[in-house]
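Enquirer: Pasting in a structure now, in structure tokens, and then I'll have a few things to ask.
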Amino acid sequence: MNETVDPVDSLVASLIDAMPEPVLVVDAGVRLVAANGPARAMFPHIRLKAPLASTLRAVDLHDAIARVLESGQAEDVSWLDRVPVERLFQVHVAGFQSATARFVALHLHDATESRRLEKARVDFVANASHELRTPLASLLGFIETLQGPARGDAQARDRFLAIMLEQARRMARLVDDLLSLSRIEQNLHVQPKAAVDLAPLAQHVCDALAPLAMESRVRIEIEAPTTIVRGERDELLRVAENLIENAIKYSAPDLDQPERKVLVQVGAREGMGFLSVRDEGPGIAPENIPRLTERFYRVDVGQSRAKGGTGLGLALAKHILARHRGRLGIQSALGRGSAFTAFIPLIDRNDR
Ligand code: ADP
């Protein structure tokens, strides 16, 4: 027997040590009598034999322990621990009896991540619905106008039809991006294995975007030696399109400003292939940079919409690169332009 009044026997201590999630055991005086490895790792400051209240600030938990000691009925409670970082626990509080004393075991399940995922899912559905509702409302409005007040007005009809076409295209782009995102998420754990040369891929995208660049008074320069990476061509094409199109759209000069340049470079650095797109646009404030790859996040919603953006391009790029075991680098400062770089693993000799 050790010095505690009502020691939990060593079998209980060994049993909770075999459990993967944090477990704490208190005696009838709510003093901590056992804590397994995960519990000690999660709460390094807890001390055996000390009153639980002196080390864990958790009123809800202490109330539940008191009730369980009183009634003998097990309970499940939520506990939001705010220090050092916010964590949500689902705690199963259950009493048990040794030959001489009563105890309460607290089994803690960390629900922080599942709550975050649930919130992200709810926000995503709300955002996607909102993004679709705006063009849909505009389409419905024009259809009603064409059926009613503007019936027979040929000039109005042509103008409205042009707007309707643009709104319908916006919805199509949005649905397209959403489907691509979900397909890539489903395959996130399968790394693509084909050999893809980034040089012709970058050239192809620059050629396809030449009319937009010309219209936007942006000159595209490209430096692209052969660079063979491991990937899936269509997905990497999507990344290059998003980055180069963004650079053109968001760096396009005003009419009174001189033409600007977008530099597209392909190459290899630190064992990775890269495709980097540098523009001379207004740049991005540091606080916005980490949020750019969030779904539907835009620095300026009006500007993004006016340029046909869905707010999903960089989220897609990030997911595609994660699937390729690569990453997206963003460097930007207000007034100094932006550089977006996609890093993709080079193919090694054994792969060819
Ligand atoms: P969008 O469809 O709005 O372009 P993206 O996910 O591609 O969506 O980009 C998210 C936001 O990042 C854009 O709305 C814009 O505010 C900002 N952004 C992206 N590329 C650039 C860039 N080259 N220069 C400045 N801002 C940019």
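The values are calculated or read from the model by the stated rules, or taken from the named source; none is laboratory data. Just so we're clear, the structure is a prediction, and the values are computed from it rather than from any experiment. Backbone-built Cβ (ideal geometry, glycine too); neighbour counts: all protein chains shown. All accessible areas refer to the heavy atoms of the entire protein, side chains included, with ligands and DNA or RNA removed. Shrake-Rupley method; radii C 1.70, N 1.55, O 1.52, S 1.80 Å.
Enquirer: Residues of segment 91-138 being farther than 28 Å from ALA58 by Cβ and of a type in the set (Phe, Trp, Tyr), which ones?
Expert: The answer is PHE124, and nothing else.
Enquirer: Something else: Can you run down the residue pairs with Cβ atoms below 7 Å, 6 or more apart or on separate chains, where the first is in segment 11-40 and in the same structural domain as ALA66 (by TED's automatic domain parsing) and the partner is among the aromatic types (Phe, Trp, Tyr)?
Expert: VAL25/PHE103; VAL26/PHE103; ASP27/PHE103; VAL33/PHE103
Enquirer: Collect the residues in segment 247-301 that are open to solvent by less than 30 Å² (accessible area, probe 1.4 Å), touching a strand residue (DSSP E or B) at 6+ places or on another chain (Cβ under 9 Å) and among the aromatic types (Phe, Trp, Tyr), keeping them in residue-number order.
Expert: Correct list: PHE274 only.
Enquirer: Just wondering, is there one or more residues in segment 181-196 that are in the same structural domain as ILE248 (by TED's automatic domain parsing), open to solvent by 90 Å² or more (accessible area, probe 1.4 Å) and part of a strand (DSSP E or B)?
Expert: No.
Enquirer: Here is a further query. Name every residue in segment 31-72 that is among the charged types (D, E, K, R) and at positive phi, in order of residue number.
Expert: LYS49
Enquirer: List pairs: first in segment 330-341 and in the same structural domain as TYR250 (by TED's automatic domain parsing) and without any contact (Cβ under 8 Å) to a residue 24 or more places away in the chain, second more than 8 Å from the ligand (Cβ to nearest atom) and open to solvent by less than 30 Å² (accessible area, probe 1.4 Å), Cβ under 7 Å, 6+ apart or cross-chain?
Expert: What qualifies is GLN331/ALA339.
Enquirer: Something else about it: Considering each residue of segment 209-231, count those that are touching a helix residue (DSSP H, G or I) at 6+ places or on another chain (Cβ under 8 Å) and either within 13 Å of the ligand (Cβ to nearest atom) or open to solvent by less than 70 Å² (accessible area, probe 1.4 Å) (or both), and give that number.
Expert: Here the count works out to 12.
Enquirer: Separate question: Within segment 278-291, identify whether any single residue is within 8 Å of the ligand (Cβ to nearest atom), of a type in the set (A, V, I, L, M) and touching a helix residue (DSSP H, G or I) at 6+ places or on another chain (Cβ under 6 Å), and answer yes or no.
Expert: Within segment 278-291, none of the residues are within 8 Å of the ligand (Cβ to nearest atom), of a type in the set (A, V, I, L, M) and touching a helix residue (DSSP H, G or I) at 6+ places or on another chain (Cβ under 6 Å).
Enquirer: List the residue pairs whose Cβ atoms are under 6 Å apart, where the first residue sits in segment 266-283 and is more than 11 Å from ALA224 (Cβ to Cβ), the second is within 16 Å of the ligand (Cβ to nearest atom) and open to solvent by 60 Å² or more (accessible area, probe 1.4 Å), and the two are 6 or more positions apart or on different chains.
Expert: Hits for this filter: GLY281/TYR250; GLY283/LEU334; GLY283/GLY335; GLY283/ARG336.
Enquirer: Please verify whether segment 294-301 includes one or more residues that are over 16 Å from the mean Cα position of the chain (by Cα) and more than 8 Å from the ligand (Cβ to nearest atom).
Expert: no
Enquirer: Please go through segment 96-111 and give me each residue that is open to solvent by 40 Å² or more (accessible area, probe 1.4 Å), more than 17 Å from ALA53 (Cα to Cα) and of a type outside the set (A, V, I, L, M, F, W, C), ordered by number.
Expert: Result: GLN97, THR100, ARG102, HIS109, ASP110.
Enquirer: Let me ask something additional. Determine the pairs where a residue that is touching a residue at least 12 places away in the same chain (Cβ under 8 Å), located within segment 108-128, has a partner that is surrounded by 11 or more Cβ atoms within 10 Å (Cβ to Cβ) and of a type in the set (S, T, N, Q) with Cβ atoms under 7 Å apart, the partner being 6 or more residues away or on another chain.
Expert: These pairs meet every condition: HIS109/GLN90; ALA111/GLN90.
Enquirer: Taking segment 133-180 only, how many residues are in contact with a helix residue (DSSP H, G or I) (Cβ under 7 Å, 6 or more places away or on another chain) and open to solvent by less than 50 Å² (accessible area, probe 1.4 Å)?
Expert: Number of matching residues: 17.
Enquirer: Follow-up. With the structure loaded, tell me whether ALA66 is surrounded by 14 or more Cβ atoms within 10 Å (Cβ to Cβ) and under 14 Å from LEU106 (Cβ atoms) or whether it fails that test.
Expert: no
Enquirer: Could you tell me whether any residue of segment 257-268 is within 20 Å of ASP176 (Cα to Cα) and near the ligand (Cβ under 9 Å from one of its atoms)?
Expert: Checked against the condition, which is being within 20 Å of ASP176 (Cα to Cα) and near the ligand (Cβ under 9 Å from one of its atoms), segment 257-268 yields no hits at all.
Enquirer: Can you tell me which residues in segment 197-208 are surrounded by 13 or more Cβ atoms within 10 Å (Cβ to Cβ) and part of a helix (DSSP H, G or I)?
Expert: LEU198, ALA199, PRO200, LEU201, ALA202, GLN203, HIS204, VAL205, CYS206, ALA208
Enquirer: In segment 328-338, which residue that is in a strand (DSSP E or B) and surrounded by 19 or more Cβ atoms within 10 Å (Cβ to Cβ) is farthest from the ligand (Cβ to nearest atom)?
Expert: LEU328
Enquirer: Same structure, new question: Just for segment 302-327: of the residues that are in a helix (DSSP H, G or I) and among the polar types (S, T, N, Q), which one is nearest to the ligand (Cβ to nearest atom)?
Expert: That would be SER304.
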